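A short write-up of the structure that comes next.
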């Protein structure tokens, strides 16, 4: 009967409202729990001098249980804090605008030593910042073993700008997990020395390998240590001589000094920041949305499954050179505040 139908309709509407209210209450309780948990984690971690891997994995497990939400106000606040100290938009890369001809520039780490910016060096620099920021969506791809079998390649390639670290392999089967698209890749001069014999005779191998990055920028720390300069310049000249699509650019030492000082005030007191942390910091300034893949400085997953250090090998870093746990705790906090997003698990595939 119509009366019974109406009664059923009202009951159904009330049930929907009750479910909706319960969901709202659950979401509110979860948000409140997550906020309280986050505050407690970082308040207690400040007191800790040493961080065990298991301690970190417990934190990560708790964080994964909280829904990530982008917070534009937090992003804007942190971005302006970074910009006022470091200003990646103008200072990330050495250029004519921030490196005057005939000036003497201090090295980033060997800061008692200077380099004379001669006509020859000046010609190697772009006129202004070459990256063309700001970007809407950026992917910063680390090299951790967590990327193996992640199926994140398509998602990474869908970003507007992709940052990578230290010339990682991206061709072949790994591309399903790590993608192919590369707009900028950092180059550690030690790789040029060890793997390519300072480009004295292995130019062809080097050029074949970097061809996989398309027309990406190769970003080198030419002005961090005096010993880095010759190898970095050799990369520039090799790419130019062989008319390669890639282009060598150089970190500005003042930008890296300012960045190290910025993170020192937040407890990251490493001999030197890792290149992944450097470009993550720059990406927050240069991009509206930043997502990190392959950032996992642990030997196992939260389910205790062992994983290799890199997705392509298990070579461990030099102990004591970078402050990985401290860096990672800062990245976790940026994730929690909704400033950037960390990909912890496999990517969803359509």
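Observations on the structure shown:
- Where a residue in region 330-343 is surrounded by fewer than 18 Cβ atoms within 10 Å (Cβ to Cβ) and its partner, wherever it lies, is in a loop (DSSP other than H, G, I, E, B), with Cβ under 6 Å and at least six apart: 338/69; 338/70; 338/71; 341/68
- Taken over region 224-235, the criterion of being part of a helix (DSSP H, G or I) and surrounded by fewer than 19 Cβ atoms within 10 Å (Cβ to Cβ) is satisfied by 226, 227, 230, 233.
- Across region 236-254, the qualifying residues are those that are within 20 Å of the chain's Cα centre (by Cα) and not in a helix (DSSP H, G or I), and the one among them that is nearest to residue 201 (Cα to Cα) is 248.
- Of all residues in region 98-118, those that are over 22 Å from residue 88 (Cα atoms) have Cβ atoms under 6 Å from Cβ atoms of residues that are in a loop (DSSP other than H, G, I, E, B), 6 or more apart or on another chain, in 113/107.
- Screening residue 175 on (1) under 22 Å from the mean Cα position of the chain (by Cα); (2) without any contact (Cβ under 8 Å) to a residue 24 or more places away in the chain; (3) surrounded by fewer than 16 Cβ atoms within 10 Å (Cβ to Cβ) shows it passes everything except condition (3).
One line per residue, one yes/no per condition, for (1) surrounded by 21 or more Cβ atoms within 10 Å (Cβ to Cβ); (2) farther than 11 Å from residue 326 by Cα; (3) modelled with pLDDT under 95:
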residue: 266; (1), (2), (3): no, no, yes
residue: 272; (1), (2), (3): no, yes, yes
residue: 281; (1), (2), (3): yes, yes, no
residue: 286; (1), (2), (3): yes, yes, no
residue: 289; (1), (2), (3): no, yes, no
residue: 294; (1), (2), (3): yes, yes, no
residue: 304; (1), (2), (3): no, yes, yes
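- Filtered residue count, region 52-106, keeping only those that are part of a loop (DSSP other than H, G, I, E, B) and touching a helix residue (DSSP H, G or I) at 6+ places or on another chain (Cβ under 6 Å): 5
- When restricted to residues that are more than 23 Å from residue 135 (Cβ to Cβ), part of a helix (DSSP H, G or I) and over 16 Å from the mean Cα position of the chain (by Cα), region 255-281 contains 3.
- Verdict on residue 150 being in contact with a strand residue (DSSP E or B) (Cβ under 8 Å, 6 or more places away or on another chain) and farther than 26 Å from residue 91 by Cα: yes
- Filtering region 113-142 to residues that are out of contact with any helix residue (DSSP H, G or I) (no Cβ under 7 Å at 6 or more places or on another chain) and not in a helix (DSSP H, G or I) leaves 114, 116, 117, 118, 125, 126, 127, 128, 130, 132, 136, 137.
The values are calculated or read from the model by the stated rules, or taken from the named source; none is laboratory data. From a predicted model like this one, the values you see are computed outputs, not experimental measurements. Note that each Cβ is placed from the backbone with ideal geometry, even for glycine, and that neighbours are counted across all protein chains shown.
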